[in-house]
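Quick notes on the structure that follows.
The values are calculated or read from the model by the stated rules, or taken from the named source; none is laboratory data. Please read these numbers as outputs of a predicted model, since none were measured by experiment. Note that we place each Cβ from the backbone using ideal geometry, even for glycine, and neighbour counts take in every protein chain shown.
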Amino acid sequence: MVCPEPLFQVDVEELVDMEVRNSFARIFESFLHRQPLFKNKEALRHSYTPDELPHREEEINALATILAPALKGETPSNILIYGKSGTGKTIVSKFICRGLRETGKKYGVPISTVYLNCEVTDTQYRVLANLAKHFGENVPFTGWPTDKVYAAFKEAVDERRQNVIIILDEIDRLVSKGGDRVLYNLTRINSELQRARVSIIGISNNLKFTSYLDTRVQSSLGEEEIIFKPYNAKQLEDILKQRAELAFEPGVLDEYVIPLCAALAAREHGDARRALDLLRVSGEVAERENAEIITEIHVRKANEKIERDNVVEAVRTLPTQSKVLLYAVILLEERGTKFITTGKIYQVYKSLCRAVSIDSLTQRRISDLISELDMLGILNSTVISKGRYGRTREIKLEVPLKDIKRVVEEDIRLRSLSKFTLTQTRLI
């Protein structure tokens, strides 16, 4: 007897897909109908420039005074701005340049400003190509001789009478990678222009980077210098209160959130960027937990997340040899090795180098790399005394093992390490 076919045939895969889609829909709909914590999250981003900058009046006045001659058609001096990360160098420069453009427009004085981050735009060709494109020249991403790109920029900028302020953020990165040739050209470009005038604002965390410059570039680039001091905890609180009013809905911040964010960031040499990131991520953590109020607990979780993300990014940018060394430590920790010494790490490191077909470094060089990873906070290296047997270093991993292992294995050159097994041979 043949059983009749069911009236409805159930496709299991289709049901699973439908359930997944419904799950996504519930998440998205709950997000849309949830009472929002943020009013304008962009106000907590580094790229946001508010109408007021608390506790930077002195630096604002100094920079404005140097650039003010542009409003009379004169050429302002070139400026170097120094200070640790998160001390307001970039935001003050953008703030002043915005005010300079607006004032120039009001009085019919043409002023153009260009911002380049030299951590991204890090070669002479890229700098000149970006500058040329800003003034309407169609320069390819690569392929032209540098002299031709420079000529294109020079021609484009000199088409009309104007003062041009070029902000080169992280200028030391440009010098360390591409040398100072582009700075030499830019600091002397005014002698080749007929109508326009160019001034440069260089921003750096490194007070000593000018020692790598040609003396002629040093003197012309650093005509004026401004140093930004770190913020203290009270100043960071004021900054966060100002941004919080713009960023959050009323009443969603617990009274201890801003002081805690400020205190944690003040430990990081008064880093306002870190403080803003902490406040923003605290709000994001609270949103994901469907919380109605952002509390101290959310700040603690945000701090852990930011520190973890920073370490992961630091590992991702390590040289290949340092990654292999770090992987050796990871394998020893996974094995449960009690005392991880430089000698044990070096044994495993050499095996890993053979496994991925790269040349191994000397043990002395590996010892130097361990010290570098110690300074980055990725490893903890402690010198311990062995009595009459001398001294040795005990090394421990200071970061989440699984996260770091995954990052190292993401490197296309080191993917095969995931299949490597640490043998049970005796480690000396």
**Prompt:** Conditions: (1) touching a residue at least 24 places away in the same chain (Cβ under 8 Å); (2) surrounded by fewer than 18 Cβ atoms within 10 Å (Cβ to Cβ). Residue 69 meets all but one. Number of the miss?
**Reply:** (1)
**Criterion: assigned to a strand (DSSP E or B) and aliphatic (A, V, I, L, M) - qualifying residue of 239, 258, 226** = 226
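Please go through region 231-246 and give me each residue that is crowded, with 19+ Cβ neighbours inside 10 Å and either under 22 Å from the mean Cα position of the chain (by Cα) or at pLDDT below 95 (or both), ordered by number.
Residues of region 231-246 crowded, with 19+ Cβ neighbours inside 10 Å: 231, 235-237, 239-240, 243-244.
Of everything in region 231-246, those that are crowded, with 19+ Cβ neighbours inside 10 Å and either under 22 Å from the mean Cα position of the chain (by Cα) or at pLDDT below 95 (or both) turn out to be 231, 236, 239, 240, 243.
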**Message:** Quick check on residue 374: is it closer than 30 Å to residue 39 by Cβ, under 26 Å from the mean Cα position of the chain (by Cα) and either hydrophobic (A, V, I, L, M, F, W, C) or at pLDDT below 90 (or both)?
**Reply:** no
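Can you tell me which residue among 340, 345 is touching a residue at least 12 places away in the same chain (Cβ under 8 Å), more than 26 Å from the chain's Cα centre (by Cα), assigned to a helix (DSSP H, G or I) and within 19 Å of residue 393 (Cβ to Cβ)?
Working: 340 fails: assigned to a helix (DSSP H, G or I).
Only one candidate qualifies: 345.
Counting only residues that are in contact with a strand residue (DSSP E or B) (Cβ under 8 Å, 6 or more places away or on another chain) and without any contact (Cβ under 8 Å) to a residue 24 or more places away in the chain, give me the helices (runs of 4 or more DSSP H) lying completely in region 105-180 with at least 2 of them. Even if it seems obvious, please write down each step before you answer.
Working: elements: 124-134, 146-157, 171-178.
Helices (runs of 4 or more DSSP H) meeting the threshold: 124-134.
Considering only region 289-303, I want to know if a residue exists there that is under 21 Å from residue 414 (Cα atoms), touching a residue at least 24 places away in the same chain (Cβ under 8 Å) and surrounded by fewer than 15 Cβ atoms within 10 Å (Cβ to Cβ). It would help to see each step written out before you state the result.
Of the residues in region 289-303, the ones under 21 Å from residue 414 (Cα atoms) are none.
No, every residue in region 289-303 fails to be under 21 Å from residue 414 (Cα atoms), touching a residue at least 24 places away in the same chain (Cβ under 8 Å) and surrounded by fewer than 15 Cβ atoms within 10 Å (Cβ to Cβ).
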**Asked** What is the residue count in region 365-381 for residues that are aliphatic (A, V, I, L, M) and in contact (Cβ under 8 Å) with a residue 60 or more places away in the chain?
**Response** 2
**Request:** Mind listing whichever residues of region 187-212 are free of Cβ contacts under 8 Å to residues at least 40 places away in the same chain and closer than 19 Å to residue 132 by Cα?
**Result:** 188, 189, 191, 192, 193, 194, 195, 196
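Yes/no per residue for (1) polar (S, T, N, Q); (2) more than 29 Å from residue 122 (Cα to Cα):
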residue	(1), (2)
201	no, no
210	yes, no
228	no, no
242	yes, yes
259	no, yes
288	no, yes
**Complete:** Scanning region 56-80 residue by residue, those touching a Lys or Arg at 6+ places or on another chain (Cβ under 9 Å), assigned to a loop (DSSP other than H, G, I, E, B) and closer than 19 Å to residue 226 by Cβ turn out to be 75, 76
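Hey, among 119, 52, 42, 59, which residue is closer than 29 Å to residue 189 by Cα, surrounded by fewer than 20 Cβ atoms within 10 Å (Cβ to Cβ) and not polar (S, T, N, Q)? Break it down stepwise before answering.
Values: 52 fails: closer than 29 Å to residue 189 by Cα; 42 fails: closer than 29 Å to residue 189 by Cα; 59 fails: surrounded by fewer than 20 Cβ atoms within 10 Å (Cβ to Cβ).
Only one candidate passes the filter, namely 119.
Would you say residue 203 is surrounded by fewer than 19 Cβ atoms within 10 Å (Cβ to Cβ) and over 30 Å from residue 37 (Cβ atoms)?
Details: surrounded by fewer than 19 Cβ atoms within 10 Å (Cβ to Cβ): no; over 30 Å from residue 37 (Cβ atoms): yes.
For residue 203, the condition - surrounded by fewer than 19 Cβ atoms within 10 Å (Cβ to Cβ) and over 30 Å from residue 37 (Cβ atoms) - is not met.
Which of the residues spanning region 261-273 are buried (at least 22 other Cβ atoms within 10 Å of the Cβ) and in a helix (DSSP H, G or I)?
Keep residues of region 261-273 that are buried (at least 22 other Cβ atoms within 10 Å of the Cβ), which gives 261-262, 265, 270, 272.
261, 262, 265, 272 - these are the residues of region 261-273 that are buried (at least 22 other Cβ atoms within 10 Å of the Cβ) and in a helix (DSSP H, G or I).
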**Request:** Have a look at 79, 111 and point out the one that is under 24 Å from residue 178 (Cβ atoms) and at pLDDT 95 or above.
**Result:** 79
